[in-house]
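Encoded as structure tokens, the structure appears first; notes follow it.
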Amino acid sequence: MIERTLVLLKPDAVKRGLMGRILSRFEDAGYKVAGAKMVWITEDLGRKHYFDVAQRRGEKVLKALLKFMTNGPVMALCLEGINAVDGVRKMAGSTEPKQALPGTIRGDFAHISFAHADKEDKAIENLIHASGNVGEAKQEVALWFKPEELHSYKIAHQEHVF
Ligand code: ADP
């Protein structure tokens, strides 16, 4: 039941100075930060991370997405908690900020639509990536973090929230 999940604060979140506010939401909910680092990704890591996007969303989206994801550093986080994969994904909100509910990160900090992004030939800048399911989370955490970069420790929340 205790799971680890990968979160990336995308270049738009970093450049807009929203790292702290977004991380606070996860800390407030009681998730443990097992790992954290800034990474300026290469196209190669981008392709590995988004290996299935061309098939699901098309080559054009993958190209725009790689351009966006390599235009500045991201903050990579490994968060841990009870059913963390689903919980964190829920806090991120729907892929399209226009549809994402208020109260979610994508709904509160953006409002762009698929149609607008496609017309402008750019990726949807939606602030955050969160692993889609438990299997994906395992693969993504292993892709982004070495075992020694992940930490096991007790947080205050464990007495009351876990
Ligand atoms: P999610 O990040 O919500 O799991 P996907 O894995 O399907 O969504 O897509 C990866 C990322 O590609 C999205 O978060 C978004 O930044 C971008 N993206 C997806 N679809 C489009 C689209 N039609 N136009 C532009 N960007 C897109």
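The values are calculated or read from the model by the stated rules, or taken from the named source; none is laboratory data. Predicted model only: the values in this text are computed from it and were never measured. Because the Cβ atoms are built from the backbone with ideal geometry, glycine has one as well, and the counts that use them run over all protein chains shown.
Out of curiosity, is T104 surrounded by 13 or more Cβ atoms within 10 Å (Cβ to Cβ) and among the β-branched types (V, I, T)? Spell out the reasoning first.
Numbers: surrounded by 13 or more Cβ atoms within 10 Å (Cβ to Cβ): yes; among the β-branched types (V, I, T): yes.
Here the answer is yes, as T104 does meet what is asked.
Just one of A115, A92, A130 is within 12 Å of the ligand (Cβ to nearest atom) and farther than 25 Å from R4 by Cα; which is it?
Numbers: A92 fails: farther than 25 Å from R4 by Cα; A130 fails: farther than 25 Å from R4 by Cα.
When all the criteria are applied, what remains is A115.
Take the residues in the range 29-51 that are more than 27 Å from G103 (Cβ to Cβ) and among the charged types (D, E, K, R); name whichever of them is nearest to the chain's Cα centre (by Cα).
Taking the candidates together, the pick is K37.
Take the residues of the range 15-40 that are charged (D, E, K, R) and closer than 25 Å to E148 by Cα: which is surrounded by the most Cβ atoms within 10 Å (Cβ to Cβ)?
Initial filter on the range 15-40 (charged (D, E, K, R)): 15-16, 21, 25, 27-28, 32, 37.
This time we only want the ones that are closer than 25 Å to E148 by Cα, so: 27, 32, 37.
Working: E27: 14, K32: 22, K37: 13.
Of everything passing the filter in the range 15-40, K32 is surrounded by the most Cβ atoms within 10 Å (Cβ to Cβ).
From the residues in the range 151-162 that are surrounded by fewer than 15 Cβ atoms within 10 Å (Cβ to Cβ) and of a type outside the set (S, T, Y), which one is modelled with the highest pLDDT? Please lay out each step first, then the result.
First, pick out the residues of the range 151-162 that are surrounded by fewer than 15 Cβ atoms within 10 Å (Cβ to Cβ): 151-154, 156, 158-162.
Right, trim to of a type outside the set (S, T, Y) and you get 151, 154, 156, 158-162.
Working: H151: 98, K154: 94, A156: 89, Q158: 82, E159: 82, H160: 81, V161: 74, F162: 78.
Across the range 151-162, the extreme among qualifying residues is H151.
Within the range 38-61, does at least one residue satisfy the condition of being among the basic types (K, R), farther than 26 Å from K154 by Cβ and assigned to a loop (DSSP other than H, G, I, E, B)? Write out each step before concluding.
Of all residues in the range 38-61, those among the basic types (K, R) come to 47-48, 56-57, 60.
Next, only the ones that are farther than 26 Å from K154 by Cβ stay: 47-48, 56-57, 60.
Now drop any that are not assigned to a loop (DSSP other than H, G, I, E, B), which leaves none.
No, that holds for no residue.
Condition check: at pLDDT 95 or above, within 14 Å of the ligand (Cβ to nearest atom) and over 19 Å from L143 (Cα atoms). Does G81 satisfy that? Full working, then the answer.
Numbers: at pLDDT 95 or above: yes; within 14 Å of the ligand (Cβ to nearest atom): no; over 19 Å from L143 (Cα atoms): yes.
When the stated conditions are applied, G81 does not pass them.
So, D12, is that one acidic (D, E), within 14 Å of the ligand (Cβ to nearest atom), within 14 Å of H129 (Cα to Cα) and surrounded by 19 or more Cβ atoms within 10 Å (Cβ to Cβ) or not?
Working: acidic (D, E): yes; within 14 Å of the ligand (Cβ to nearest atom): yes; within 14 Å of H129 (Cα to Cα): yes; surrounded by 19 or more Cβ atoms within 10 Å (Cβ to Cβ): yes.
The answer is yes for D12.
Find the helices (runs of 4 or more DSSP H) located wholly in the range 65-160 whose residues include 1 or more that are touching a residue at least 40 places away in the same chain (Cβ under 8 Å) and of a type in the set (A, V, I, L, M), and list them. Spell out how you get there, then give the answer.
Working: elements: 84-92, 105-109, 114-119, 134-144, 157-160.
So the answer is 84-92, 105-109, 114-119, 134-144.
Select from the range 41-61 the residues that are surrounded by 15 or more Cβ atoms within 10 Å (Cβ to Cβ) and within 8 Å of the ligand (Cβ to nearest atom) and list them in ascending order.
Those that are surrounded by 15 or more Cβ atoms within 10 Å (Cβ to Cβ) and within 8 Å of the ligand (Cβ to nearest atom): Y50, V53, R57, V61.
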